[in-house]
Amino acid sequence: MLSSIWNWFRNLSKLFVWVVVVPTGLSILYFGFIASPVYISESRYVVYSPGEHFSSSGGLASLISGLGGSYSSSASQTIMAYISSWDAMMALNHRFDLAKLYSQGVDWLDRYGGLFHPFKNQVRLWRYYQSMTTDSVDPTSGISTLKVKAYSPQAAQEMNRFLLAKGQAIVNQLNAGAREEAVKFARQDVEQARANLAAATVALTRYRNGQQVISPLQQSQLQLALVNKLQDQPIQEKTQLAAILAHAPQNPNIPVLRSGVQALETQIAAAKAQITGDHQSLASKDTEYETLQVNQAIAQKLLEAAVTALEQARITAQKQELYLETISAPNAPDAPQLPRRIEGILATLVISLMIWGVLVVVIGGIKEHHER
């Protein structure tokens, strides 16, 4: 039987041997005995905001929408961009030593620094890392799928978990930046309102100390009450004086009564002058005092409004915060997913046969042309 196979092989054309048999044999050798197994750790997550709503109509989108939230495609794209970035590679390299992870125990063709990936430097390592890591998002459901390839299941899982944690850190960073930006101007308004209120209070205090007055209105009311009380006494004194003049005009108390009436009238006049008199009267002080008091009240209202606006801005920012929810944690695969050995061998055979067929037709045409 072996002799018949050998005779069949000897009868094959050199073209078929070199174009079909040799490449197929090499692919069997590589995929069957040389190619290192590649493990893929997969995780799934969604980035959503409770304060927004979906326009989509199906899948996880409608579910989260019913709960009062929506996924954020921009945040998902940001995480995707980071995972494929230089910074992500450097952070992962600092944690896992990617050059060692991608080279030790890996076949000499596919490893970092091997035949297919020559030249060891940071840029080449970055390109190799990008070929081993993919992150994609479903535009309908908003679910992102992170796949990390490695040459051991533990390394693939740990790297996937590390990148997922980095994605969470990015979401937290986006939230912090958005929250700070949202309350920035409201906080400035509060600080300005506090400064205005402090200035208005200081101005009112200085006026009180300078004019030696607490409240012109209240003091005027007290002064008016004193005037009204004093006005009752001259009436009594005048009535008593009139009675004495009518019945005892020689009474020695008449000068005393007249002097008392005059003193009371002088006191009443002085009290009235304090209320409505010159520029030192309470009435003249009341206008400026009321202006300062109104300014203080307005500053107080503006501060209350600014504080309310600040709290509202914080509530709005909280409603717009993003959340990264892990749907499927990074797994530790118990079997390699790559390379697809049988598919690779069959693909090599099919492509070799196609090339061989084309070459047979071309060479046959050339021979026929020369025979003519």
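Could you list, in sequence order, all residues of the stretch 289-334 that are touching a Lys or Arg at 6+ places or on another chain (Cβ under 9 Å), outside any helix (DSSP H, G or I) and open to solvent by 70 Å² or more (accessible area, probe 1.4 Å)?
Answer for the stretch 289-334, where residues must be touching a Lys or Arg at 6+ places or on another chain (Cβ under 9 Å), outside any helix (DSSP H, G or I) and open to solvent by 70 Å² or more (accessible area, probe 1.4 Å): GLN320, ILE327.
Examine the stretch 80-93 for a residue that is touching an Asp or Glu at 6+ places or on another chain (Cβ under 7 Å), open to solvent by less than 70 Å² (accessible area, probe 1.4 Å) and assigned to a helix (DSSP H, G or I), and state whether such a residue exists.
Checked against the condition, which is being touching an Asp or Glu at 6+ places or on another chain (Cβ under 7 Å), open to solvent by less than 70 Å² (accessible area, probe 1.4 Å) and assigned to a helix (DSSP H, G or I), the stretch 80-93 yields at least one hit.
What is the one condition in (1) at pLDDT 85 or above; (2) out of contact with any helix residue (DSSP H, G or I) (no Cβ under 8 Å at 6 or more places or on another chain); (3) open to solvent by 80 Å² or more (accessible area, probe 1.4 Å) that GLN337 does not satisfy?
(3)
Quick one: GLY167 ticks every box in (1) of a type outside the set (Lys, Arg); (2) within 20 Å of SER41 (Cα to Cα); (3) modelled with pLDDT under 95; (4) open to solvent by 20 Å² or more (accessible area, probe 1.4 Å) bar one, so which box is it?
Of (1) of a type outside the set (Lys, Arg); (2) within 20 Å of SER41 (Cα to Cα); (3) modelled with pLDDT under 95; (4) open to solvent by 20 Å² or more (accessible area, probe 1.4 Å), only one is false for GLY167: (4).
The values are calculated or read from the model by the stated rules, or taken from the named source; none is laboratory data. All of these numbers come straight from a predicted model, not from anything done at the bench. Every residue, glycine among them, receives a Cβ derived from its backbone with ideal geometry; neighbour counts consider all protein chains shown. Calculation scope for accessible area: heavy atoms of the full protein, side chains included, ligands and nucleic acids excluded. Shrake-Rupley method; radii C 1.70, N 1.55, O 1.52, S 1.80 Å.
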